Amino acid sequence: MIPICISTVHGKGLPVLLESIKQYAPEAFIYLRGPERVIGGYDNCRLIFGEARNFGDDYNEVIDDALKYHQACVVCNDDVVLTPTSYQRLLEDVEIIRELVPQVGWVGSRSDSVRAAQNIRFNPDGDPLYMNRFRSESFIREVAVIAPIFAYISREAWAHGRFGPLNWYSDDVSCYDLTRRGYSHFVSSSYVHHVGSQTVGSDVAVLNAQARPWIETNRPEYVADFFGS
């Protein structure tokens, strides 16, 4: 059993997310972090109370807690909704990848609001729609960076790829750190619906400015890739 780890600030999407997990992945135990006033009323979860700091620190806390007891987890944004196959297909794809790849890092679901390689609008082969989908949506694809809106990570990989204390680029830092240690990342054929940008906002200039000082100090070798020369 692979648990699902969620951290929230305002909990706006939690009722719908948790109901979708209950309906479509009832076997998955949930680790839920957030302010007590927001998550205190939820049951059937392991609750971790704490005020919001940033995406990286908050998710590090809940993932660290889950991986004390489990060999892997699924990291889940608080504003996604599962489909009937989201959880099962993600883990099925992980098993396929693990048979072929010695060091598996992040394996992330596709979505309607996510970076390009995971976006269902991304159609590199120019396929026509068939049964309402592009053919490429059923393929597993290796990528450089995964946005873990709904993504698998093992305990072994997590030990080398914890998030930076950031909102933006916390996932990039994790993926780059893991890649340097020989891990590979993949887009799954799994899909989740994602509301998107409900907590940190969508002002790219502000988000970049907040993240850059930490990256310049702690991962200067990534600055050119993340921000340009």
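The values are calculated or read from the model by the stated rules, or taken from the named source; none is laboratory data. Just so it is clear, the structure is predicted and the values come from calculations on it, not from any experiment. A quick note on method: Cβ atoms are made from the backbone with ideal geometry, for glycine too, and the neighbour counts reach across all protein chains shown. Quick note on the areas: whole protein, heavy atoms, side chains included, nothing else; ligands and nucleic acids left out. Shrake-Rupley method; radii C 1.70, N 1.55, O 1.52, S 1.80 Å.
Structure data summary
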{"quantity": "Qualifying residue in region 28-38 (condition: farther than 27 Å from VAL173 by Cβ, touching a helix residue (DSSP H, G or I) at 6+ places or on another chain (Cβ under 8 Å), open to solvent by 20 Å² or more (accessible area, probe 1.4 Å) and at pLDDT 95 or above)", "calculated": "no"}
{"quantity": "Among residues of region 79-117, those that are within 26 Å of PRO26 (Cβ to Cβ) and either in contact with a Gly (Cβ under 6 Å, 6 or more places away or on another chain) or part of a loop (DSSP other than H, G, I, E, B) (or both), counted", "calculated": "7"}
{"quantity": "Residue in region 215-223 that is of a type in the set (A, V, I, L, M), on the phi < 0 side of the Ramachandran plot, in contact with an Asp or Glu (Cβ under 7 Å, 6 or more places away or on another chain) and part of a helix (DSSP H, G or I) present", "calculated": "yes"}
{"quantity": "Boolean, ASN77 is surrounded by fewer than 23 Cβ atoms within 10 Å (Cβ to Cβ), under 15 Å from the mean Cα position of the chain (by Cα) and in contact (Cβ under 8 Å) with a residue 12 or more places away in the chain", "calculated": "no"}
{"quantity": "Residues within region 43-69 that are within 17 Å of the chain's Cα centre (by Cα) and of a type outside the set (A, V, I, L, M), tallied", "calculated": "10"}
{"quantity": "Residue check for ALA25: among the small types (Gly, Ala, Ser) and open to solvent by 10 Å² or more (accessible area, probe 1.4 Å)", "calculated": "no"}
{"quantity": "Residue identified as out of contact with any strand residue (DSSP E or B) (no Cβ under 9 Å at 6 or more places or on another chain), surrounded by 20 or more Cβ atoms within 10 Å (Cβ to Cβ) and not basic (Lys, Arg) among GLY108, GLY56, GLY126", "calculated": "GLY56"}
{"quantity": "ILE153 under 14 Å from the mean Cα position of the chain (by Cα), not acidic (Asp, Glu) and not in a loop (DSSP other than H, G, I, E, B)", "calculated": "yes"}
{"quantity": "Tally, over region 1-38, of residues that are touching a Ser or Thr at 6+ places or on another chain (Cβ under 9 Å), assigned to a loop (DSSP other than H, G, I, E, B) and either farther than 20 Å from TYR191 by Cβ or free of Cβ contacts under 8 Å to residues at least 12 places away in the same chain (or both)", "calculated": "5"}
{"quantity": "PHE163 being surrounded by 15 or more Cβ atoms within 10 Å (Cβ to Cβ) and without any contact (Cβ under 8 Å) to a residue 24 or more places away in the chain", "calculated": "no"}
